[in-house]
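Below is one structure, written out as structure tokens, with a few remarks after it.
The numbers here are math on the coordinates, done by the rules we state, and not lab data. These figures come from a predicted structure and were not determined experimentally. Counting neighbours? That spans all protein chains shown, and the Cβs are built from the backbone with ideal geometry, glycine included.
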């Protein structure tokens with residue numbers, strides 16, 4: 001039976017994205033996602049707390065990768081460069097660009113999902129700021145640096161998921177940071 005096939009989590013995510021695209025986020029139920037994946041609702045809830053989490057499930061790993069990279073960045077790096085090293089490490093946690101585009105389209109169409117994403121970003125900013133404080137950066141510089149780094153991340157991400165884009169996410173991060181430095185010089 002299909003429910004014993006490997007990668008239940010991946011199959012559930014793919015089924016959810018397909019249904020969200022075809023029927024809309026609001027008109028898709030957990031039951032329908034599980035059925036399309038060949039699994040049960042119970043299996044869905046073993047992997048995701050609710051259908052929103054299908055879209056945000058990688059947030060903890062993203063935060064862990066980013067904060068770990070900021071913490072382990074060489075002491076010689078400036079605070080913003082250490083924070084951007086975190087962003088670059090987080091890039092490895094991002095899905096492929098086609099999946100990221102699809103995910104972003106779903107989030108952009110729903111205010112409740114936009115709010116959830118903002119909450120996740122606020123949590124990430126707080127974690128990066130705390131890590132920068134642990135590296136010796138005082139307030140308000142630590143919080144400002146974390147917020148600026150996330151602005152670089154969001155700007156690069158928006159450019160990356162744009163259909164016309166042909167550049168890699170790390171290239172766009174560096175370009176966005178260079179532009180920021182140019183306007184603040």
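Note on residue 32/residue 52: beta-carbon distance plugged into 1/(1 + (r/R0)^6) with R0 of 22 Å gives a FRET efficiency of 0.90.
Building the convex hull from the alpha-carbon atoms of segment 58-184 and averaging its projection over directions returns 7.8 nm².
For the chain, the longest principal axis of the alpha carbon atoms and the long axis of helix 169-184 meet at an angle near 40°. Here the scattering of segment 111-167 is modelled by Debye summation over its C-alpha atoms, one equal scatterer each and no solvent; at q = 0.14, 0.31 Å⁻¹ the log10 of I(q)/I(0) is -0.47, -1.12.
With the radius of gyration and the Kirkwood radius both derived from the Cα set of segment 2-54, what is their ratio Rg to Rh? Please list the in-between numbers first.
Details: Rg = 9.7 Å, Rh = 10.6 Å.
Ratio of gyration radius to Kirkwood radius: 0.92.
Computed extension length for residue 45-residue 101: 17.7 nm, one decimal, from 0.36 nm per residue of separation with the Cα-Cα distance subtracted. Between 0 and 90 degrees, rounded to the nearest ten: what's the tilt of helix 111-134 against the longest Cα principal axis of the chain? The two axes meet at around 40 degrees. Of 153, 45, 56, the sequence from fewest to most neighbouring Cβ atoms within 10 angstrom is 45, 56, 153. Each of 135, 42 has some number of other Cβ atoms within 10 Å of its Cβ, and from fewest to most they run 42, 135.
The angle separating the long axis of helix 8-23 from the principal Cα axis of greatest extent in the chain is about 80 degrees.
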